[in-house]
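See structure below.
None of the figures in this text is laboratory data; all of them are computed from the coordinates on show. Given the structure is predicted, the values throughout are model-derived calculations rather than measurements. Every residue, glycine among them, receives a Cβ derived from its backbone with ideal geometry; neighbour counts consider all protein chains shown.
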Amino acid sequence: MKRPHDPLRLDVAAFAAEGAQLADRWPGVGLQRLADSQTPPQDLVLPEVAWSVHGERLPVAGGEPELWLTLAVQASVWLTCQRCLQPFRVPLAFERRLRFVRGEAEAEALDAESEEDVLALSRWLDLRELVEDELLLALPLVPRHEVCPEPLPVSAGEAAPGDDAPEPLHPFAALQALKAGRGPAGKA
Ligand SMILES: [Zn+2]
């Protein structure tokens, strides 16, 4: 039986060679790290994550073909507005093109010198982990309503939080830590 936390293993080389496609929707609660980053109103079920991926093997004159995955993700997440401190739902939709090469060293070199995201090809890619990593990287650094729904509470002796208030460090620091741990050689 398949459980929501099982990894979804993808043989990238074969997937790309076939030009294959996959798409699915996952319950938000199945992505633990993303769930931990959210602050939904009490008793609310986390929104689903919809994704699709397709593989390509692109011929290269005089060289080995390039292996690519294109990942598209649509989801929404519950975050806390840093201005009014109320939970709100943030829609996320993005597409990532990822190139896969053989060998950690080549992946690191190419990743550093190009705009592309280059990852080392391994026997299996955990698609669930990849989707979750990309979602975490796509979270806004400082989540805020465009227009907060209620008047801001102002208590005596305290400055009202607003555009001039210092940005909270917490979400930014968490993302930097995540980015530092990611990279062509960053994942087991
Ligand atoms: Zn707000």
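Ordering 50, 22, 94 by the projection of their Cα atoms onto the charge dipole of the range 1-143, which places +1 on the Cβ of Lys and Arg and -1 on the Cβ of Asp and Glu, puts 50 at the extreme positive end.
Tell me whether the range 1-106 comes out rounded, prolate or oblate; compute the Cα gyration tensor, take square roots of the eigenvalues as a ≥ b ≥ c, and use a/c under 1.5 as the rounded threshold. Prolate, because a/c is 1.5 or more and a/b exceeds b/c. Among the trypsin sites (Lys or Arg not before Pro) in the range 92-140, those located in a DSSP loop and surrounded by at most 14 other Cβ atoms within 10 Å of their own Cβ are 102, 123.
In this simple spin-label model, placing a label point 7 Å from the Cα along the Cα-to-Cβ direction at both residue 61 and residue 102 gives a separation of 2.3 nm. Ranked for footprinting exposure by Cβ neighbours inside 10 Å, fewest first, 33, 83 give 33, 83. Phi angles of the range 33-40 translate, via the Karplus equation with coefficients 6.51, -1.76, 1.60 and θ = phi - 60°, into HN-Hα couplings of 5, 5, 4, 5, 7, 9, 10, x Hz per residue; Gly and Pro are given as x. Taking amide H as placed 1.01 Å from N in the peptide plane, the amide H of residue 8 sits under 5 Å from that of 127, 128, 129, each at least 5 places away or on another chain.
Computed about its Cα centre, the charge dipole of the range 31-75 is approximately 20 debye, with only Lys, Arg, Asp and Glu carrying charge at their Cβ. Between residue 43 and residue 72, full extension at 0.36 nm per residue minus the direct alpha carbon distance yields a gain of 7.6 nm. Near the amide H of residue 66, within less than 5 Å, lie the amide hydrogens of 58, 60, all on another chain or at least 5 residues away, with H placed in the peptide plane.
Distance between the modelled labels on residue 29 and residue 109, one decimal in nanometres: 4.8 nm (7 Å Cα→Cβ projection). Residue by residue, the range 72-87 carries 3J(HN,Hα) couplings of 10, 10, 10, 7, 9, 10, 9, 10, 9, 4, 7, 9, 9, 6, 9, x Hz when phi is fed to the Karplus relation 6.51 cos²θ - 1.76 cosθ + 1.60 (θ = phi - 60°); x denotes Gly or Pro.
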